[in-house]
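Only one structure is covered here, and it is reproduced in the block below.
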Amino acid sequence: MQKLPKTLHLYQTGFTMIELLVTMSIVGILSAIAFPVFAQYRNNGFDAQAKADLRHIAMAEEAYFIDNNTYKSCSGKTCENAFPSVFALSNGVLLQVTATTTGFIATASHSKGSGTSCTWDSSKEGFLGCG
């Protein structure tokens, strides 16, 4: 096997320490900008899951009312047992349904969401919003 001449070592190329540090700082700055945006999208997704469950429980309550001429109160996983063929609660969604003689009020939030609670009131206009 032949030995390479020593002059070849003088012309080797590579990244300098400054170039590596600049690259690492650019990546760090970009990730610092992107992380809060990603966390906000994630919270919005969890909140949307709670809203969807709120709509589903509203439909299940109305279907129950058609069959039984009354609304049903439930909380969390007991809502799945109350409406087994119609409704399945998503993981992490906190749900509370309070029945009255004229309708029901349901609130839902997600344990990993933004912390806002969404409300559905059947005696008013339905979905009242989140806040």
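The values are calculated or read from the model by the stated rules, or taken from the named source; none is laboratory data. None of these values were measured; they are calculated from a predicted model. Quick reminder, even Gly has a Cβ in these numbers, built from the backbone with ideal geometry, and neighbours come from all protein chains shown.
Applying the criterion of being closer than 15 Å to Asp53 by Cβ and more than 19 Å from the chain's Cα centre (by Cα) to the residues of segment 88-104, the residue that is surrounded by the fewest Cβ atoms within 10 Å (Cβ to Cβ) is Phe104. When segment 40-64 is limited to residues that are in contact with a helix residue (DSSP H, G or I) (Cβ under 9 Å, 6 or more places away or on another chain) and aliphatic (A, V, I, L, M), the one that is nearest to Ala108 (Cα to Cα) turns out to be Ile57.
Right, Gln96: part of a strand (DSSP E or B), at negative phi, touching a Ser or Thr at 6+ places or on another chain (Cβ under 8 Å) and at pLDDT 90 or above or not?
On the way: part of a strand (DSSP E or B): yes; at negative phi: yes; touching a Ser or Thr at 6+ places or on another chain (Cβ under 8 Å): yes; at pLDDT 90 or above: yes.
Against the criterion (part of a strand (DSSP E or B), at negative phi, touching a Ser or Thr at 6+ places or on another chain (Cβ under 8 Å) and at pLDDT 90 or above), Gln96 qualifies.
Scanning segment 41-70 for residues that are surrounded by fewer than 17 Cβ atoms within 10 Å (Cβ to Cβ) and of a type in the set (D, E, K, R) turns up Arg42, Arg55, Glu62, Asp67.
Among the residues of segment 65-90, those identified as part of a helix (DSSP H, G or I) and more than 12 Å from Phe104 (Cα to Cα) are Ile66, Asp67, Asn68, Thr78, Cys79, Glu80, Asn81, Ala82. Only a single criterion out of (1) at pLDDT 90 or above; (2) among the basic types (Lys, Arg); (3) surrounded by fewer than 14 Cβ atoms within 10 Å (Cβ to Cβ) is not satisfied by Lys112, namely (3). For segment 71-84, the candidate set comprises residues that are in contact with a Cys (Cβ under 9 Å, 6 or more places away or on another chain) and of a type outside the set (A, V, I, L, M, F, W, C); within that set, the residue that is surrounded by the fewest Cβ atoms within 10 Å (Cβ to Cβ) is Asn81.
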